[in-house]
Amino acid sequence: MRFRTTLTVAAGASALALLTGCGAADMTKQASPFANAQGSKTVTLSVQSWVGAQSNVAVAQYLLEHKIGYRVDTVQVDEVPAWDALSQGRVDAILEDWGHPDQEKRYVTDKKTIAHGGDLGVTGHIGWFVPTYLVKQHPDITDWKNLNKYASLFRTPESGGKGQLMDGSPSYVTNDKALVQNLKLDYQVVFAGSEAAQITQMKQFAKEKKPFLTYWYSPQWLFKKVPMTEVKLPPYKEGCDADLAKITCAYPHTPLQKYLNAGFAKSGGKAAAFLKKFKWTTEDQNEVSLMIAQQKLSPQEAAKKWVDSHPSVWKQWLS
């Protein structure tokens with residue numbers, strides 16, 4: 001998912017607090033001084049720009065630092081460059097991957113420089129959504145076949161006379177431009193630039209009860225604040241998204257995965273063992289995300305609050 005500002009952050013409670021802005025960059029040429037450090041009790045975690053991924057890292061960082069005694073460094077990397085950085089040992093772990101089969105084949109299967117770290121425990125799903133208040137006015141708007149009928153509702157100054165389909169960032173996992181073209185929809189994909197910018201626009205539309213059609217994903221805390229209903233695209237079938245030029249199907253439901261640098265997976269000691277066991281629910285992640293995004297707690301404050309109230313969950317990761 002993401003357009004971000006280049007950032008390398010030293011360990012400490014303030015590290016993730018810096019990750020709330022929007023921007024973009026390829027971090028693969030800026031190595032963390034701590035990543036893959038032989039014999040050193042440090043670990044470097046890749047953190048993506050969306051708040052759910054930040055929640056994973058915040059809780060993992062807090063426990064690594066306060067319960068296991070590691071120094072933690074966090075590096076902000078877009079989704080695909082993160083795989084390159086992980087392969088090269090510039091980061092030790094990615095805690096939330098939404099599915100990158102080309103990178104998995106190259107680095108896990110062929111080069112064996114990256115190891116699978118297990119399920120995160122959360123299932124991700126990308127889709128097109130409209131606000132539920134709009135569905136109450138136009139119940140048939142949730143069928144993609146009717147979208148052209150309603151295109152005029154979604155026109156904006158940015159959409160060039162067509163309906164606007166709002167996306168987050170061009171760096172996110174998205175098939176939307178191809179879907180619009182292949183389904184012959186009278187819409188223009190317009191990128192907000194980041195998750196934060198997209199949320200700001202959706203909240204403003206909702207406040208004014210205006211129509212909007214947006215690329216969005218779950219798990220995501222905003223559903224609790226702005227109820228949305230998914231538009232039914234042609235059903236997903238295995239392999240239907242293999243050729244982007246021909247794609248006409250919905251996004252899959254993806255069990256989100258963790259990946260570790262192969263060397264770190266073998267010799268990363270207690271940190272590697274802990275990250276392999278790190279597994280929580282959508283509800284857990286949303287709880288932390290809501291504290292960060294809505295209650296404006298720092299990621300480390302949110303992590304501490306969650307850790308203090310869920311010992312039965314995280315203690316299993318330390319055993």
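The values are calculated or read from the model by the stated rules, or taken from the named source; none is laboratory data. The structure displayed is predicted, hence computed values, not measured ones. Heads up, the Cβs are rebuilt from the backbone with ideal geometry, glycines too, and the neighbour counts pull from every protein chain shown. To get the accessible areas, we keep the full protein, side chains included, count just its heavy atoms, and leave off ligands, DNA and RNA. Shrake-Rupley method; radii C 1.70, N 1.55, O 1.52, S 1.80 Å.
Here are some notes:
- The modelled label-to-label distance between residue 182 and residue 152, using points 7 Å beyond Cα along the C-beta direction, is 3.1 nm.
- What a 1.4 Å probe finds exposed on the chain is 52% carbon and sulfur by accessible area, rounded to a whole percent.
- Taking packing as the residue-averaged number of other Cβ atoms within 10 angstrom, the listed peptides 241-252, 156-167 run from highest to lowest as 156-167, 241-252.
- Net +/- balance of residues flanking residue 94 in space, Cβ distance below 10 Å, scoring K and R +1, D and E -1: -3
- Protein heavy-atom accessible surface, 1.4 Å probe, per residue over region 124-253: 48 Å².
- The chain: calculated mean residue ellipticity at 222 nm from DSSP helix runs of at least 4, using -39500 (n - 2.57): -8500 deg cm²/dmol
- Between residue 312 and residue 244, the modelled label-to-label distance comes to 4.5 nm, taking each label 7 Å out from Cα in the direction of the beta carbon.
- Considering only region 124-253, percent of DSSP beta bridges that pair antiparallel, nearest 5: 55 percent
- Net length available on complete extension from residue 88 to residue 200 is 36.7 nm, with 0.36 nm assigned per residue and the Cα-Cα distance removed.
- In this structure, the residue pairs whose Cα-Cα separation is over 18 Å, taken from 162/207; 67/315; 162/210; 162/224, are 162/207; 162/224.
- Secondary structure note: in the chain, about 55% of the DSSP beta bridges are antiparallel.
- Neighbours of residue 132 by Cβ distance under 14 Å: Lys/Arg scored +1, Asp/Glu scored -1, total +4.
- Over the chain, equivalent-ellipsoid semi-axes from the Cα gyration tensor in Å: 35, 21, 17
- Mean Cβ neighbour count within 10 Å, used as a protection proxy, ranking 85-97, 45-57 highest first: 45-57, 85-97
- Distance in nm between pseudo-label sites at residue 132 and residue 277 (7 Å out along the Cβ direction from Cα): 3.8 nm
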